[in-house]
Structure formats: structure tokens, C-alpha cells
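Values in this text are rule-based calculations from the coordinates and carry no lab data. Here the structure is a predicted model, which is why all the values come from computation and not from measurement. With ideal geometry, Cβ positions are generated from the backbone for all residues, glycine too; neighbour counts draw on all protein chains shown.
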Amino acid sequence: MASIDSLQLHSLCNVQSSIGKAKLRIPSNLVVFRRRLENLKWVQVETNRRFVCRAIGDSSTPDEDIQNTQNDNDDVVVVVGVATTESNTPSDSENSVSRFRSMITTLPPVVFVMKKCSGNSIWIGICIAASVLVAALRAYAVIKSRDNQPAGSVADLVRRGQLRSGDRRGISKSLNYEDPFNNPFVKLDKGNSTVEMCGKVYRLAPVTLTEKEQTIHQKRRSRAYQWKRPTIFLKEGDSIPPDVDPDTIRWIPANHPFATTVSDIDQDLAQTNVYQKQGVPFRIRAEHEAMQKKLEALQNEEKLNNLSIDSQNAREFQRPYKLGTKLEGENIQKNSQDNVTGNSSSEETHKT
Amino acid sequence: MASLRLFSTNHQSLLLPSSLSHNPLTSSSPRFVKNPIRRSPIRSVLQFNRKPELAGEKPRIVVITSGKGGVGKTTTTANVGLSLARYGFSVVAIDADLGLRNLDLLLGLENRVNYTCVEVINGDCRLDQALVRDKRWSNFELLCISKPRSKLPMGFGGKALEWLVDALKTRPEGSPDFIIIDCPAGIDAGFITAITPANEAILVTTPDITALRDADRVTGLLECDGIRDIKMIVNRVRTDMIKGEDMMSVLDVQEMLGLSLLGAIPEDSEVIRSTNRGFPLVLNKPPTLAGLAFEQAAWRLVEQDSMKAVMVEEEPKKRGFFSFFGG
């Protein structure tokens, strides 16, 4: 504890020496550190010790200082707040002294810093005030620009969310941005034809390609690259048809992932499909028709099955026992036979 | 054939301040500077505050190709296509990549693609049912060639695309103004299919030697197939690397390929973010530099124009003490 106290005292002396490089002595009159804390009781601690702090590197001799201090008979009275109860017992006083020492070592640097920064606080305040002023001016300018817009336009409806914005309504807005060469952010240099834009300086360099040079390039390419559009696509192993320019043949590998030489669709049909403007597309219609036919076939098959099995229908084929009903029954039978046989009855009638 | 217009009396006055001296060379030689040694100030004649006038015959069938993969074909297709739609033109974008479809991802329409060209050819749906209309811009439509696992007969892949384009021309709601075809990478069957119906091409390249060699090869094949109107977009341009001579400049690229310049797109990390969101770059507010460059490229495409000057980064000039106060 004593070593800590000495260290703290040493640090205090160092700090104080950095200010004035002079011997600092706590005056013989009262030195009061008042510090009010909650839950603490004010305890007056008196000590007869003379508290002298001596700067390091002082020119004065230590003996002289000690002599001076010894001559002082005044007491140093310090008033501090401690958390303990009032007590004047020796052990308590020692504890309070140690606490007092620790408080002294901690408090002065704070005081020292505050005293040092007192000069800068004015500048900090000025900066804060300036930033607040700028923000206020900016907000005022924004409000003013908003007020300048015409009231009651479609833009107000869009702003309020009642209407979708022009882009989303599919209304093509004509481009009307300022010409970059008249833009105030683009600065033109009058002498050297330079342009300052986005923080960089650019010079306008003219295009130097002439028509003659272009022709030379075209001739060079026509000599270097000889190519004919392929019109015949063959798989590996196929024979080359006669009277065909070999440059127009394209050989396709058999395992090409995204292509096939065999066209699955008729070319004319494909062309017709592409040119179709309205109606159901060909494949959809074909599938629909196929499905329709299948359904009809199924229905007819069910009908046949139902006619042969159903017992109620079988009564129609029964011969009537009564004479009166015989003719009716014959008629019914005939009708049913006609329904069942279809064409055969018509053939019979034709025969007769 | 591209119409060469530098000055038009119907248009508004020129944009740059009058203090810049008049360049007699640009008025006499419409397209190119005859004497490259004389470095006279460049006057811009492009007017971005008016709607561009459509040049050429409708529909304009443009294939966007590159040869090398990953240079930005699909990004260019999405952004230029939407820019054209914003200008008021009707656009149909066709993703002609047979196996790896991703134009729908860039546009954020991947959940709405139900039918593709394969279903149209097979007769499973009509052509208008396979077109996906963008809800943000109703005059922009997407058509995908195939789903990843379906097969398209290679024998008539190119013919099928020709039929599709022809059917789009004769559809009841009218022919679109632009049909933009996103070509797959390489010079294989997919490339041959995609370039079949096109009558003009945009070659997308980056300023590195591998992309340039492939681009040169593709340009030769396009010219062999009869496509003569080929313009170039240089993508992923890093002006700081060009300034430090670590990257070829746009003019160097042009010197190597010998093609007219449609646009120079700066490198922008916003491209990746826009891809992740399914929201093309040109729709960003405020617009980014790359988005502005795409819009300008679309503007030139409509008017069949090309770039007359490129921007080269320079060292910022040192400011004096009083420049802080607005001098």
C-alpha cells in the first residue's frame, strides 16, 4: 500500500512538474478538497503532517527544501468525504489518510486537464455553433425549393402515394437532362479545350482515323479472313454431297450438347408456327385435338360396354307376348336393333 | 449508309462557348479530320437535349458482338436498348445465346420468361406470347432464343432467326424501330445464327490485346458475311491507367481496328451493382458516367453518327492561393 501511495505521489509530482517545472508546495494555509458524494459522511481529517510536493529536476537543493519544510509548523487541513463512519481512532485515521492520498492522486490530473482544455473549449463551441447554423440553412433551402414547385400537379399525387410514378406507369419520359457541356459542374477551359468533370480534368482529343486508313484495314481483313456461311450441316461419318462447296459444309460432332443435325420438326411447319399471329398455337391445338379424339373414343367404348351389360336395356329386346303389344314390341325391337346395328338396318331397308 | 451530319440548320446552336475558335476542317470534311497534326479545339455538335432522329430504314437490326467473352456485350445490349426505349423508340432485344442466357438477368426479367423461340418454333406458343414486355418501359420487349436445356436444330438456327425478325416486322402492332440481337461469345454456330438477320453491327471490345485480336477476327467475319456498317464501343476504359500508359487509349484501339467509334464507356463499379439488382445502369438517378456514356452511344446509334473526339485525362492544374475564394 505504501508503495502504491508513493507511486501515486510520484506521478502527482511528475504531472505537476510538467506544468511549470517548478517546485510546488502546497501552501501552509488551508488546502481544501471538497468532494461531495452520495452515501458519504463528511469527515474532517486533520493531520499535522506537512504535505510538500517537490518537482523532479528542480535546481534547488533537497537539503534546503527539507530545511524549509521543517520550519513550517502550520498544519494542513483537508476536508474529504469518506464512506466510513466518523471515527478518530488511529487505525481509522490511517485508513482515511490512505484514502485521502488516493483521492489526491486521482483528482488533480482531472483538474489539470480541465484547466488545460479551457482554452480549446471556445473553439469547440464555435465549431458546434457553425455546424448547427449550416444544417439550419440547408434545411431552410430544401424547404424553400419544395415550396417553389407548382402545387396540385400529378407529381403531388405520386409523392403522396396515390399514383404510381411515371416510370412504373409505363409512360416513357423523354430524356431532358442538361447538356454536360453547359452543366455548371462541368467546367470548360477556354484556352486549352479541357473539361473538368467529377473532380478530374480531361482534354478533348480528336479522332484521327481517316477514310483511307479505314479502307486499308478492310482490305487487310478481307485478305486475312476468308469465310463462307455454312449451308450444309453434316454429322461425322456422313458423305459430302456432290457439287457442294466444301467451305459451306459444317461438321457437327455427334455429342454436341445443344444441337442436333436431325430436325425434329418440319421446316415448313416451323416457319408457319413463327408467322402465326393469332389463334391457338399448332402443338397446343394438335394436343387438344388428340385429347378430344381420345375422349370420344373412350366414351364410345363405354357406351358399347354399357349397352351389352345393362339389364334394363335387355328388356327392349324381349319379344312381346300379347298380340296387341306384339306390334309395339316389334317396333321397339326394330328400333333397338336399328340403334344397335346402325348401318345394318339401313342396309336391310336398302335391300328391301 | 450512314448519313454524315456535323451541322444542321434545323437544330439549335452549338453547345460550346463562342470563345472557342471555329474549326474549318470539320465543316469541309464531314467525318474525319484530314490533317491530324493541327490540334484545333473540338466543337461538339451533338445535342443531348433533344430527341434523336431515326436514320436509316425501319426496323434497324443491330447485332452486338465481340468475339471474346466478358467484355460487356450483354451489358451494352441492356443499357443501349433501354436508352433507345427512353428516347421513345420501340425496341425488341433478342438474347441469341443458345445455351447461356443472361440478358433477362441484367434486365431483371428472369421470373417472367416462360416461353422462348424454341417454343414458338415447336408450336407451343405464338410469337407475341414469347415476348416479355418491360413494365418500366412499355416500349421495350425481350425475346429469348432458348432455355438452357432445350435443343435448337443447328440446321436452320439462322433461318429461324430470320423468320422471327420477319414476323416482328409484320406484327399487328407495327414493326419495332430497333431489333437488337445479343450475340454469344465465340465464332461458332451461335455467332453465325445471331448475325444472320443483322444488317449492322456494334463491336464491343476492351482496351487489351486479347480482346482486340478477337475483335479484329470477328470484324473480318462480319465483313465476309456482308455486314459493312460496323461501329465500335470501347468498354471498361480506365483513364487513369491510360494516363499512366498502362492501358491503350481509345484512339490506339481505333488505330488498331480501323472502325468508327460509337462510344467509350468508362470503368464503373456500378455496373456490377446494377447487374445484381436487375436494374440497368442507364436508369440510375443521378446518372453515372458509364450510364451517360451508354446514353450518348445510343444517341449516336439512332442518328448513325460516330464520336469525333474522346476525353483524355490530364493532370489537374495547380491552383493558386486565391482560387480557394472562387478565382
Counting only residues 5 or more apart in sequence or on a different chain, those whose built amide H sits under 5 Å from that of A:Val201 are B:Glu314
Could you tell me the extents of region B:65-120's C-alpha atoms along the three principal axes, largest first, rounded to whole Å? 31, 27, 18
By counting other Cβ atoms within 10 Å of each Cβ, how are A:His288, A:His217 ranked from fewest to most? A:His288, A:His217
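Can you compute the equivalent ellipsoid semi-axes for region B:106-239, i.e. the square root of 5 times each eigenvalue of the Cα gyration tensor, sorted largest first and rounded to whole Å? Working shown, then result.
Working: eigenvalues 151, 66, 47 Å².
Semi-axis lengths for region B:106-239 are 27, 18, 15 Å.
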A 21 angstrom limit on the alpha carbon distance is what I want to check against. Which of B:Lys147/B:Lys169; A:Lys212/B:Lys243; B:Lys135/B:Lys285; B:Lys68/B:Lys231; A:Lys212/B:Lys73; A:Lys277/B:Lys159 exceed it? B:Lys147/B:Lys169; A:Lys212/B:Lys243; A:Lys212/B:Lys73
Projected area of region B:246-308, taken from the Cα convex hull and averaged over every viewing direction, in nm²? 5.4
Can you compute the modelled spin-label distance between A:Ser145 and B:Glu245, with each label point 7 Å from Cα toward Cβ, in nm? 4.4
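Can you give the FRET efficiency to the nearest 0.05 for A:Met291 and B:Asn114, using r as the Cβ-Cβ distance and R₀ = 22 Å?
Values: r = 22 Å, r/R0 = 0.99.
Efficiency computed from Cβ-Cβ geometry: 0.50.
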Where Lys and Arg each count +1 and Asp and Glu each count -1, what net charge lies around B:Val250 among other residues with Cβ under 12 Å from its Cβ? -1
List the GluC sites (Glu not before Pro) in region B:233-302 that DSSP assigns to loop (not H, G, I, E or B) and whose Cβ has at most 13 other Cβ atoms within 10 Å. Which are they? B:Glu245
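Report the FRET efficiency, 1/(1 + (r/R0)^6), for B:Glu57 and A:Glu211, where r is their Cβ-Cβ distance and R0 is 22 Å, rounded to 0.05.
Values: r = 24 Å, r/R0 = 1.08.
About 0.40, to the nearest 0.05.
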